[in-house]
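Below is one structure, written out as structure tokens, with a few remarks after it.
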Amino acid sequence: MLRSKIKTIFLSVSVIILAVSLISYPQESFEASIRGLKMWWEIVFPSLLPFFIVSEMLIGFGVVKFIGVLLEPLMRPLFKVPGVGGFVWAMGMASGYPAGAKFTARLRQEGQLTQIEAERLVSFTNSSNPLFIFGAVAVGFFYNPQLGVILALAHYLGNICVGLIMRFYGKETPAERVEKRKGFKLRQALSALHQTRLKEKRPIGKLLGDAVNSSIQTLLMIGGFIILFSVVNKLLFHLHITTTIANAFDILLSFLGLPPLLSIPFISGLFEITLGSELTSQVKEATLMQQAMITSFILAFSGFSVQAQVASILAQTDIRFQPFFIARIIHGILASIFAFILWKPVYLRLYGSEEPSNAIPVGLFEKGTWLHSYFHHLIELGPLITIFSLIIYVFLLFQRLGKN
């Protein structure tokens, strides 16, 4: 009872402070809001929408069930999740946050995952996509495409390790023991595909409309969180709360041999990954390896902004948020360790001087290449894609209201 009252007082005081801060710093709040809106409008919405719509269609047509049966012998022994987890893992890696949580929640609603399996799966399928790591962080902030190799390796290796650790989370259910006996059968996968399609009674037009409607609703929610946390992060800085918290982390960073000046970027990154990564790249007193370690932690932790998006998505199901949050802390620590371990054998050996012929190719992300052009075209065309999609959403919404 006392704990509940303390929580109520804390939340009430926090909201009051936020409201007063918005009134006290209107210009700064407006600029931060525009920054968050621009990020969502130009990049997040157009990059995530196609993945969300296609994934909804794949689930409806039974393709995910088909993939799940084929990947069962791989995903079950490694991560103790059904084979459909392989689809969530791949789509989450390709599209970035918070796609893994979105697809996991969807499969939980479909009954293809148990509660424990869903909590295991969401812990390691919510990751940053390679385009953001290489294009936005390595090239955009550090002007160093080679650094993207270290950041990506640390990020994804840490993610795999989190999945292996989380396989020990929760108790094994009787259903899991039964699934273990099933082998690789193409006929069984095709049968699952066919049966799932037969169970889907909605016509293709209705299925597509529902996919667009659900995807845009989720992206509107994501946009709201991005704008909110962009403002909150800015207000915390002006209220000197970020500096106060950073002073406490100075001791920890000094103990780890890192410059105390990285504390403010680190705290900023705990709230919002883009700002934290950008501020980290501007700390000239730190070495590139130290910057890579902090950035790796920020990308893996994913920030309270992304975590709030995930919490909102998971709240629609019985999937608990606490295992996901603990997994993000583990992922951040592991990613920083991997960045440190891989620095000499990968970055210094391959890119310390002139790039040898057997170096890991990162030319695709350099200026003038097709992937670099794609990233900038996405920013240019992003607003058009967003407004066109929103027009379709409004049309579908009015059409449903008219029927009702």
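Which pairs turn up if I take residues in segment 221-236 that are touching a residue at least 40 places away in the same chain (Cβ under 8 Å) and in a helix (DSSP H, G or I) and look for partners that are open to solvent by less than 10 Å² (accessible area, probe 1.4 Å) and aromatic (Phe, Trp, Tyr) with beta carbon separation below 8 Å, at least 6 apart in sequence or on another chain?
Gly223/Phe45
Considering only segment 294-320, state which residues are aliphatic (A, V, I, L, M) and within 15 Å of Ile273 (Cβ to Cβ).
Taking segment 294-320 first, the residues aliphatic (A, V, I, L, M) are 294, 298-300, 306, 308, 310-311, 313-315, 319.
If the condition is that a residue be aliphatic (A, V, I, L, M) and within 15 Å of Ile273 (Cβ to Cβ), then Ile294, Ile298, Leu299, Ala300, Val306, Ala308, Val310 are the ones that fit.
Please specify each residue of segment 27-67 satisfying the condition of being in a helix (DSSP H, G or I), over 22 Å from the mean Cα position of the chain (by Cα) and farther than 30 Å from Thr274 by Cα.
Within segment 27-67, Gly60, Phe61, Val63, Lys65, Phe66, Ile67 qualify.
Can you name the residue in segment 68-86 that is part of a helix (DSSP H, G or I) and hydrophobic (A, V, I, L, M, F, W, C) and is also surrounded by the most Cβ atoms within 10 Å (Cβ to Cβ) among such residues?
Once the filter is applied, the top-ranked residue is Val84.
Can you say whether Ala118 is open to solvent by less than 10 Å² (accessible area, probe 1.4 Å), in contact with a Lys or Arg (Cβ under 7 Å, 6 or more places away or on another chain), among the hydrophobic types (A, V, I, L, M, F, W, C) and over 17 Å from Phe297 (Cβ atoms), as far as the supplied structure shows?
yes
Can you spot a residue in segment 291-312 that is in contact (Cβ under 8 Å) with a residue 24 or more places away in the chain, surrounded by fewer than 21 Cβ atoms within 10 Å (Cβ to Cβ) and of a type in the set (Ser, Thr, Tyr)?
The answer is yes, given that some residue of segment 291-312 is in contact (Cβ under 8 Å) with a residue 24 or more places away in the chain, surrounded by fewer than 21 Cβ atoms within 10 Å (Cβ to Cβ) and of a type in the set (Ser, Thr, Tyr).
For (1) modelled with pLDDT under 85; (2) touching a Gly at 6+ places or on another chain (Cβ under 7 Å); (3) of a type in the set (A, V, I, L, M); (4) surrounded by 13 or more Cβ atoms within 10 Å (Cβ to Cβ), each residue gets a yes or a no:
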| site | (1), (2), (3), (4) |
| --- | --- |
| Tyr143 | no, no, no, no |
| Gly148 | no, no, no, yes |
| Val162 | no, no, yes, yes |
| Leu186 | yes, no, yes, no |
| Lys199 | yes, no, no, no |
| Pro203 | yes, no, no, no |
| Gly209 | yes, no, no, yes |
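Within segment 87-102, track down each residue that is assigned to a helix (DSSP H, G or I), under 21 Å from Ile165 (Cβ atoms) and open to solvent by less than 10 Å² (accessible area, probe 1.4 Å).
Once the filter is applied, which keeps residues that are assigned to a helix (DSSP H, G or I), under 21 Å from Ile165 (Cβ atoms) and open to solvent by less than 10 Å² (accessible area, probe 1.4 Å), segment 87-102 yields Val88, Gly92, Gly100, Ala101.
The values are calculated or read from the model by the stated rules, or taken from the named source; none is laboratory data. Not measured: the values here are computed from a predicted model. Glycine gets a Cβ as well: all are built from the backbone with ideal geometry, and neighbour counts include every protein chain shown. Just so you know, the surface numbers come from the protein's heavy atoms only, side chains and all, with ligands and any DNA or RNA stripped out. Shrake-Rupley method; radii C 1.70, N 1.55, O 1.52, S 1.80 Å.
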